[in-house]
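The structure appears right after this line, and notes come after that.
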Amino acid sequence: MSANENLAGLSAAGVSVWLDDISRERLETGNLKDLIAGSSVVGVTSNPSIFAAALAKGSGYDEQIADLAVRKVSVDEAARAITTFDIRWAADVLAPVFETTGGQDGRVSIEVDPRLAHETKATIAEARALWWAVDRPNTMIKIPATKAGLPAITATIAAGISVNVTLIFSLERYREVMDAYMAGLESAKAAGIDLSHIRSVASFFVSRVDAEIDKRLDGITGEKAQALKGKAAIANARLAYQAYENVVASQRWAALAAAGAHPQRPLWASTSVKNPDYRDVLYVEDLVAPGTVNTMPEGTLRDYADHGETESDTVRPYYDDAAAVMLGLEQVGVSYKDVVQVLEDEGVEKFIVSWKQLLDQIESKLSTSGEQK
């Protein structure tokens with residue numbers, strides 16, 4: 001299968017294409033292998049919503065659930081058995097990519113129980129347990145960028161575990177995430193751990209920012225407010241990349257890099273367009289920068305393959321424009337601080353709801369399977 005030209009161009013520009021989806025069906029049919037071969041996919045991310053959707057359709061999980069029912073495992077234990085099975089399988093499929101990229105890509109992410117988002121010690125314990133359960137070097141453990149998540153990120157990195165930091169919305173929190181990563185690397189170095197084996201990405205959410213800010217702009221009269229619609233998410237992400245560049249140019253980072261550390265790459269998440277009036281590949285085309293990851297649902301991946309246009313850098317030349325957008329939002333009365341806090345709170349809650357839905361589905365299937373036995 002020949003690689004798609006548009007997606008290959010994105011990769012050539014320095015953007016790693018990751019698929020924001022996983023399912024037993026996708027693995028069984030060889031679809032993931034096909035996407036790696038033909039769509040330049042070099043990684044996979046998952047979250048509670050993705051697993052809930054996967055379990056709700058098809059019969060791919062029935063055999064494993066029947067075995068779990070016979071063993072009379074708890075619902076929580078069944079959930080982890082099911083999800084880690086998919087992650088191990090995907091990690092094995094991506095193992096050749098992991099090898100050929102020297103560990104940069106070929107990564108598969110699995111999230112800690114979202115109900116622990118505000119519990120530091122429980123998050124650390126969960127991260128360790130998942131790392132052990134999946135037992136693949138190309139795994140990343142997803143930890144939310146809540147206040148309680150920050151020290152958990154540091155502790156997990158310090159233990160030599162690769163981390164995907166998720167649910168980042170604000171520039172201030174992003175700087176704290178980068179600080180937490182470097183603190184973890186410094187602790188790992190002090191403990192004699194080889195820093196070259198540790199990898200991390202910071203998942204900066206995009207489309208949800210426009211969805212929330214556009215809603216607020218709709219309630220403000222005047223041309224200035226309306227002219228800002230659809231611009232905040234890209235501006236916010238571009239300024240995040242500027243913050244990333246400042247960190248990797250610092251003496252603190254230089255010392256870690258000299259010890260073998262790898263940069264924590266910015267990952268653009270939530271890149272499907274929520275507003276049908278916007279170009280469907282907006283959050284891919286306008287966030288092309290070297291050393292980044294863009295994780296896309298398959299629909300966005302297909303759209304980009306069909307008509308995406310790649311420029312070499314659509315981030316760094318626009319820092320001043322991005323700053324002007326953010327200033328304009330404050331001037332018309334949109335509180336950035338409030339927006340990002342609302343989005344973080346909602347993001348955590350949405351994943352908790354999805355995780356509970358997943359547990360309910362598993363409980364129902366376990367019960368039905370047990371009755372059949």
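Could you tell me which of the residues VAL177, VAL134, VAL112 is buried (at least 20 other Cβ atoms within 10 Å of the Cβ), more than 30 Å from ALA233 (Cβ to Cβ), of a type in the set (A, V, I, L, M) and out of contact with any Leu (no Cβ under 6 Å at 6 or more places or on another chain)?
Only one candidate passes the filter, namely VAL134.
Confirm whether ALA56 is among the hydrophobic types (A, V, I, L, M, F, W, C) and open to solvent by 20 Å² or more (accessible area, probe 1.4 Å).
In short, yes.
Among residues belonging to the range 14-38 that are buried (at least 22 other Cβ atoms within 10 Å of the Cβ) and among the hydroxyl-bearing types (Ser, Thr, Tyr), point out the one that is nearest to the chain's Cα centre (by Cα).
Residue satisfying both the conditions and the ranking: SER16.
Among VAL281, VAL293, VAL248, which is among the β-branched types (Val, Ile, Thr), more than 17 Å from the chain's Cα centre (by Cα) and under 30 Å from GLU186 (Cα atoms)?
Numbers: VAL281 fails: under 30 Å from GLU186 (Cα atoms); VAL293 fails: more than 17 Å from the chain's Cα centre (by Cα).
The conditions single out VAL248.
What's the number of the only condition in (1) open to solvent by 10 Å² or more (accessible area, probe 1.4 Å); (2) at pLDDT 95 or above; (3) of a type in the set (S, T, N, Q); (4) more than 23 Å from VAL108 (Cα to Cα) that SER196 fails to meet?
Of everything listed in (1) open to solvent by 10 Å² or more (accessible area, probe 1.4 Å); (2) at pLDDT 95 or above; (3) of a type in the set (S, T, N, Q); (4) more than 23 Å from VAL108 (Cα to Cα), SER196 misses just condition (4).
Which ranges mark the helices (runs of 4 or more DSSP H) fully within the range 200-295 that have 2 or more residues being open to solvent by 40 Å² or more (accessible area, probe 1.4 Å)?
Qualifying helices (runs of 4 or more DSSP H): 207-217, 223-227, 232-248, 251-258.
Quick one: which helices (runs of 4 or more DSSP H) sit completely within the range 1-109 and have at least 1 residues that are of a type in the set (Asp, Glu) and out of contact with any Gly (no Cβ under 9 Å at 6 or more places or on another chain)?
So the answer is 5-12, 31-38, 62-70, 75-93.
Please state which one of ILE362, ILE352 is more than 29 Å from ALA227 (Cα to Cα) and surrounded by fewer than 20 Cβ atoms within 10 Å (Cβ to Cβ).
When all the criteria are applied, what remains is ILE352.
For LEU167, all conditions in the list (1) closer than 21 Å to HIS118 by Cα; (2) at pLDDT below 95 hold save one; what is the number of the exception?
Tallying (1) closer than 21 Å to HIS118 by Cα; (2) at pLDDT below 95, LEU167 fails exactly one: (2).
So the check is Cβ under 7 Å with 6+ separation or different chains; which pairs have a first residue in the range 143-171 that's farther than 19 Å from GLN104 by Cβ and a second one that's among the aromatic types (Phe, Trp, Tyr) and modelled with pLDDT of 95 or more?
Partner pairs satisfying both residue conditions: ILE153/TYR181; LEU167/PHE205; ILE168/TYR174; ILE168/PHE204; ILE168/PHE205; PHE169/PHE205.
On the basis of being in contact with a Pro (Cβ under 6 Å, 6 or more places away or on another chain), in contact (Cβ under 8 Å) with a residue 24 or more places away in the chain and either crowded, with 16+ Cβ neighbours inside 10 Å or not charged (D, E, K, R) (or both), does TYR304 make the cut?
It is false that TYR304 is in contact with a Pro (Cβ under 6 Å, 6 or more places away or on another chain), in contact (Cβ under 8 Å) with a residue 24 or more places away in the chain and either crowded, with 16+ Cβ neighbours inside 10 Å or not charged (D, E, K, R) (or both).
The values are calculated or read from the model by the stated rules, or taken from the named source; none is laboratory data. Source: prediction; values computed, not measured. Cβ: placed from backbone, ideal geometry, glycine included. Neighbour counts: every protein chain shown. Note: areas computed on protein heavy atoms with side chains; ligands, DNA, RNA excluded. Shrake-Rupley method; radii C 1.70, N 1.55, O 1.52, S 1.80 Å.
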